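Enquirer: The structure follows.
The values are calculated or read from the model by the stated rules, or taken from the named source; none is laboratory data. Model, not experiment: these values are computed from the prediction. Don't worry about glycine lacking a Cβ; one is built from the backbone with ideal geometry, like all the others, and counts go over all protein chains shown.
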Amino acid sequence: MGRETVEEGIAAGSDSCRISASITHADDDETEEVLLDALGALVEHADSAEGRPPVRPPEPSALELEQAMLPREAFLAPVEHTPAERAAGRIAAETISPYPTGVPVVAPARSSPTRCWTPCAAAPSTPS
């Protein structure tokens, strides 16, 4: 889950449910063929791929978080890097979005209850 590669000029990322590939003006027929071959191999071997348990995000109403301070105050305040398993109840200094969806689960200046961290803790971290 959360794999990213750049091969032959094509950037691609994936998790257990999605594949995202970028083809740009720098690509040509040869690099596009590499992508198509890889996708074909994936389909061919799909039955032998290891499945992963689904991530069950909380209901949208459960994500209505209390604003503890102004976002500017939170961003400029002293910060502490905190692992997801210890972040419940803390005030976020920045937006937090599990990869790859990019949909924030925690916004700056919001107090974050445990239910917000379940999908983040279930997804492995990706290298920066």
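Enquirer: Yes or no: A68 at pLDDT 80 or above and either surrounded by 12 or more Cβ atoms within 10 Å (Cβ to Cβ) or under 20 Å from the mean Cα position of the chain (by Cα) (or both)?
Expert: Details: at pLDDT 80 or above: yes; either surrounded by 12 or more Cβ atoms within 10 Å (Cβ to Cβ) or under 20 Å from the mean Cα position of the chain (by Cα) (or both): yes.
Judged against the criteria, A68 is a match.
Enquirer: Something else: Can you report the number of residues in the stretch 35-45 which are more than 23 Å from the chain's Cα centre (by Cα) and either closer than 16 Å to A21 by Cα or assigned to a helix (DSSP H, G or I) (or both)?
Expert: Adding up the residues that qualify gives 6.
Condition check ((1) exposed (fewer than 12 other Cβ atoms within 10 Å of the Cβ); (2) closer than 30 Å to V106 by Cβ; (3) in contact (Cβ under 8 Å) with a residue 24 or more places away in the chain) across all residues:
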| position | (1), (2), (3) |
| --- | --- |
| A21 | no, yes, no |
| D28 | yes, no, no |
| E32 | no, no, no |
| A41 | yes, no, no |
